[in-house]
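Just so you know, all these numbers are worked out from the coordinates, no wet-lab data involved. Bear in mind the structure is a predicted one, so any value in this text is a computation, not a measurement. Cβ: placed from backbone, ideal geometry, glycine included. Neighbour counts: every protein chain shown.
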Amino acid sequence: MKHAFLFLLFIVLSPKIYAQIQPNGGSVADVAFIQGHWKATTPEGQSIEGVWLQPEGENILGFMRMMKAGKADLYEILAYEQTEKGLVSMVKHFKPGLLGLEEKDKHDRYNFVEASKDRAIFQKEGESLRILYEKRSANQFVIARGNLQDGKWTFKDLFVFNRTKP
């Protein structure tokens, strides 16, 4: 009887304990496909260069340089980290001169939503904005912006990156 009670107690409490220690989802492996050196050009002629380092521990670090008319226009530092609550993407923006656009201790934070092979989606914290990372071939990946329209997420390509040759 005592063992039955303990077993029942374990069955009732274990999902709650498990939920507290399990992340909401995602892992660094879900975005590892973006590793590499990439370049894109926007329809407006802006040149974008991005580098994402290989996963190390529970993080990936990346940075992008956006150029307009041959001059730096914007820099971004991107960190993908495994946290207690799951995988998050954090982005900080800088103007030339490393002038931060966000306040000193602030950054844009995106929480993991879902992933499949060579595809991962994050949602900006506190907003209905999603970012899709999608590898379309061995030498191409895309960052797309998603908005909720008529109850359905629609994505539009922001940057179509092509792998640079070493």
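What nm distance separates the two modelled labels at K117 and K165, each placed 7 Å from Cα along Cα→Cβ?
Here the answer is 2.9 nm between the modelled labels.
When the chain is fully extended, how far beyond the present Cα-Cα distance does R145 get from T41, taking 0.36 nm per residue of separation? Don't skip to the answer; put the middle values down first.
Working: separation 104, 0.36 × 104 = 37.44 nm, distance 1.62 nm.
That works out to 35.8 nm of additional length.
For the pair A32 and A79, how long in nm is the line joining their label points, each one 7 Å along Cα→Cβ?
Roughly 2.2 nm, to one decimal.
For M90 and S128, calculate 0.36 nm times their separation in residues minus their Cα-Cα distance, and state this gained length in nm to one decimal.
Full extension of this stretch gives 12.1 nm more.
Under 19 Å Cα to Cα from K135, which aspartates and glutamates show up? Leave out anything in the same chain fewer than 8 places away.
Hits, sequence-local ones excluded: D30, E49, E114, D118, D157.
Taking square-rooted eigenvalues a ≥ b ≥ c of the alpha carbon gyration tensor, is the stretch 25-163 rounded, prolate or oblate, where a/c under 1.5 means rounded and, failing that, a/b exceeding b/c means prolate? Mind dumping the intermediate values first?
On the way: a/c = 1.29, a/b = 1.20, b/c = 1.07.
Because its axes are fairly even, with a/c under 1.5, the stretch 25-163 counts as rounded.
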